[in-house]
Amino acid sequence: MAACRNEVSVRIGTVFERSKLAIRTVLLLLYFWSMRRTAEDAVTEIEVSSRTVADWYKFCRLKGYILHVKMFPAYIYGMYIAR
């Protein structure tokens, strides 16, 4: 029986690809954002800069908005908004 020797990176092709942060740190930031924890809590508990937290929280808001628009297209100012 031949074993699969393909290696897969969790960074390539994912939100982790361009981040210099450890994956654990990014996952904690995503968790804090999803639990609606404040940026100040994230800075203190994860021990990252306020700029880093602001950037990741902004990223999460943007991705959430894009996903929402794709899932629930709507009319805005007479224009149909879809994907």
Scoring only Lys, Arg, Asp and Glu (+1, +1, -1, -1) among other residues with Cβ under 13 Å from the Cβ of Leu21 yields +2
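Loop-only check: which trypsin sites (Lys or Arg not before Pro) in the range 1-40 are DSSP coil with at most 13 other Cβ within 10 angstrom? It would help to have the intermediate numbers written out before the result.
Details: sites: Arg5, Arg11, Arg18, Lys20, Arg24, Arg36, Arg37; in loops: Arg5, Arg11, Arg18, Lys20, Arg36, Arg37.
Those satisfying the criteria are Arg5, Arg11, Arg18, Lys20, Arg36.
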Could you compute the FRET efficiency for Lys63 and Asn6, with r as their C-beta to C-beta distance and R0 at 25 Å, rounded to 0.05? 0.35
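Read the figures in this text as sums done on the coordinates, not as results from a lab. As the structure is a computational prediction, the values presented were derived from the model and not from experiment. Note that each Cβ is placed from the backbone with ideal geometry, even for glycine, and that neighbours are counted across all protein chains shown.
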